[in-house]
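Accompanying notes for the structure given below.
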Amino acid sequence: MTKLTIDSILCNKCGACVEVCPYSILELNENEETPAINQERLAYCIHCGHCEAVCPGGAVQLDYPEAGEVPDIKGNGKLPSPEEMSRQILMRRSVREYQDKPVPKGILEEIIKVVHYAPTGVNGQSVHWLGIYEKEKVRDLAKKTIEWMRFAVKTGMEHPLSFTFPSLVRSWDQGLDPICRNAPHLMIAYGKKDYPISFVDSIIALSYFDLLAPSYGIGTCWAGMVQIGLNESPELRESLGLPEGYKAQYSMLLGYPKYPYQRVPKRNQLVFNWKE
Ligand SMILES: Cc1cc2nc3c(=O)[nH]c(=O)nc-3n(C[C@H](O)[C@H](O)[C@H](O)COP(=O)(O)O)c2cc1C
């Protein structure tokens, strides 16, 4: 049950909590006293916590049974500058060559705890994570994906990317890993199969992961080929052991990069117009 309280001594009656609440759960009354809580609307609270987060005096308290710990904000309290953020985005690259050195589990857990704050539709927080830490297990997933691709080629299975399968199988047979790129770890964002926003939520969360990881010196690569296998092969899906009713939405390879990238590559010319 949602518990929302406002301490009338700490409240300076600024009304910020009232304005930011997306469901108008808080109401300013005519006497401009401490905002009132509309108990009927409280049932629709999505636990976004904006009321609590915006309050200058810390007067608002929101609690509910599923609530987790709030992470500490480290650093000097400043947001990265536009230059720093732009650099982060421009210098991020898909890493396909990794050092043979594991990333400490604690660092990956630290990243996931922050990525947990990526936005989710109606604050549904639909994204769950499955980390595959051991390199042999990542390799096993690549092997199973190749086995499925081999089967798809043999049976002439139709798939929009089936034209890539023969060369991927060939590379694997030559001792390369075109599926998981010999990455030491793999992170899977998963969610409920029948929840319509689950895929978008997962992609956003993985994008946040993709952007934060390089600040820890970690390189990432979206594991599209693994996803094809997971979407198509029941054996591959079962091997993950996800709970019933859940599905891997997308996965990401990660590890310490073998090569640092030195400059920003070209991209197609930007298509952007303001609506007339
Ligand atoms: C949804 C998605 C799936 C991808 N799947 C793969 C993949 O399976 N293997 C791979 O090597 N790269 C994969 N990539 C990486 C893209 O090839 C890469 O983002 C693109 O070439 C641009 O390079 P950059 O990420 O370094 O800017 C994927 C990227 C995205 C966004």
Only listed residue being more than 16 Å from the ligand (Cβ to nearest atom), within 24 Å of the chain's Cα centre (by Cα), aromatic (Phe, Trp, Tyr) and surrounded by 12 or more Cβ atoms within 10 Å (Cβ to Cβ), chosen from TYR133, TYR98: TYR133
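Yes or no, residue by residue, for (1) at pLDDT 95 or above; (2) closer than 17 Å to ALA118 by Cβ; (3) not aromatic (Phe, Trp, Tyr):
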position: GLY175; (1), (2), (3): yes, no, yes
position: ARG181; (1), (2), (3): yes, no, yes
position: VAL200; (1), (2), (3): yes, yes, yes
position: MET225; (1), (2), (3): yes, no, yes
position: PRO243; (1), (2), (3): yes, no, yes
position: LEU254; (1), (2), (3): yes, yes, yes
position: TYR259; (1), (2), (3): yes, no, no
position: ARG267; (1), (2), (3): yes, no, yes
Out of VAL122, VAL70, VAL153, sole residue that is without any contact (Cβ under 8 Å) to a residue 40 or more places away in the chain and within 23 Å of ALA16 (Cα to Cα): VAL70
LEU141 being touching a strand residue (DSSP E or B) at 6+ places or on another chain (Cβ under 9 Å), under 28 Å from TRP172 (Cα atoms) and outside any strand (DSSP E or B): yes
For GLU238: the one exception among (1) surrounded by fewer than 20 Cβ atoms within 10 Å (Cβ to Cβ); (2) in contact with a helix residue (DSSP H, G or I) (Cβ under 9 Å, 6 or more places away or on another chain); (3) modelled with pLDDT of 95 or more; (4) not aliphatic (A, V, I, L, M): (2)
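Criterion first (more than 10 Å from the ligand (Cβ to nearest atom), within 27 Å of MET85 (Cα to Cα) and in contact with an Asp or Glu (Cβ under 9 Å, 6 or more places away or on another chain)) does TYR208 satisfy it?
no
May I ask you to verify whether GLY217 is surrounded by 22 or more Cβ atoms within 10 Å (Cβ to Cβ), more than 13 Å from the ligand (Cβ to nearest atom), within 30 Å of LYS74 (Cα to Cα) and not hydrophobic (A, V, I, L, M, F, W, C)? Steps first, please.
Numbers: surrounded by 22 or more Cβ atoms within 10 Å (Cβ to Cβ): no; more than 13 Å from the ligand (Cβ to nearest atom): yes; within 30 Å of LYS74 (Cα to Cα): yes; not hydrophobic (A, V, I, L, M, F, W, C): yes.
Against the criterion (surrounded by 22 or more Cβ atoms within 10 Å (Cβ to Cβ), more than 13 Å from the ligand (Cβ to nearest atom), within 30 Å of LYS74 (Cα to Cα) and not hydrophobic (A, V, I, L, M, F, W, C)), GLY217 does not qualify.
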Test result for PHE165, part of a helix (DSSP H, G or I), more than 25 Å from LYS105 (Cα to Cα), touching a strand residue (DSSP E or B) at 6+ places or on another chain (Cβ under 6 Å) and not charged (D, E, K, R): no
Cβ pairs under 9 Å, 6+ apart, first in the stretch 79-96 and within 22 Å of ALA183 (Cα to Cα) and not assigned by TED's automatic domain parsing to the domain that holds PHE209, second among the aliphatic types (A, V, I, L, M) and within 16 Å of the ligand (Cβ to nearest atom): none
Odd one out for GLY77 among (1) surrounded by 12 or more Cβ atoms within 10 Å (Cβ to Cβ); (2) modelled with pLDDT under 95: (1)
Flag if ILE111 is more than 16 Å from the ligand (Cβ to nearest atom), of a type outside the set (Asp, Glu) and outside any loop (DSSP other than H, G, I, E, B): yes
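Of all helices (runs of 4 or more DSSP H) completely enclosed by the stretch 25-106, which ones contain at least 3 residues that are in contact with a helix residue (DSSP H, G or I) (Cβ under 6 Å, 6 or more places away or on another chain)?
Ranges flagged: 50-54.
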Any hit, the stretch 176-184, residues being away from the ligand (no atom under 11 Å from the Cβ) and either exposed (fewer than 15 other Cβ atoms within 10 Å of the Cβ) or of a type in the set (Gly, Ala, Ser) (or both): yes
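The values are calculated or read from the model by the stated rules, or taken from the named source; none is laboratory data. Remember, it's a predicted structure, so these values are computed and weren't measured experimentally. Note that each Cβ is placed from the backbone with ideal geometry, even for glycine, and that neighbours are counted across all protein chains shown.
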